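Visitor: Structure below; questions to follow.
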Amino acid sequence: MNDHDVHAECLRLLRDGLPETAHAGLDDGQEFVPLCLDVDGDIAVVTFLRRQGDLTRSVPPFIEGWTFHRRDGEWLELGGAGGAAPDQPLARRSAAELGGHLLRYGTGKTVRNANRLLPWGAKWVSQARLWVASEVAALRVGSRLLKVPAHGHAVVVWGARRAPVVEALSEDGTVLGTLDLGPAIATPA
């Protein structure tokens, strides 16, 4: 799968949404599995599990996230980044296995106004990729409610300077845990 194919698939997912059925994995020569997407106004992020390189070799898969900005009714790709996928990436884990209800395993940031004339005034689109425990049915990010897919991967996009706080909700709406997506601040020992 080349970058043109990735771009086309991301645009299709932004237009049509995620497929209703969950994939079992990267089987039968399949090069990628859509995982999740998040849209907040005129910004969005799409993530997927992807196999890189020669399909006959045993190369571990990775998870990519691509950010977009909607301008004049069209989604424009801003950039993307990825990282190694965990073992059995589509197997849902409990909070005890994850060490909590929400585990952040990837972040990214792309500039959305790169065509500005002066170096200051950059506007950013940020993303965080999360692994969500099996006890969690949905995530609340501000006023948005994001359903957690069966595999437990979720992604959050934001354009504000301050990162949002994500709440993990049970099936009945009880808050099971929270995660501030801002940078972790090291405390002196």
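The values are calculated or read from the model by the stated rules, or taken from the named source; none is laboratory data. Predicted, not measured: the structure shown is a model, and the values here were computed from it. Positions of Cβ are generated from backbone atoms using ideal geometry, with glycine treated the same way; all protein chains shown enter the neighbour counts. Remember, those area values only see protein heavy atoms, side chains included, never the ligands or the DNA or RNA. Shrake-Rupley method; radii C 1.70, N 1.55, O 1.52, S 1.80 Å.
Visitor: I need the strands (runs of 3 or more DSSP E) fully contained in segment 45-156, keeping only those with at least 2 residues that are open to solvent by 70 Å² or more (accessible area, probe 1.4 Å), within 19 Å of Ala168 (Cβ to Cβ) and modelled with pLDDT of 85 or more.
Guide: Filter on segment 45-156 gives 102-111, 144-147.
Visitor: Could I ask something else about it? When the residues of segment 13-44 are narrowed to those that are of a type in the set (Asp, Glu) and not in a strand (DSSP E or B), which ends up modelled with the lowest pLDDT?
Guide: Across segment 13-44, the extreme among qualifying residues is Asp28.
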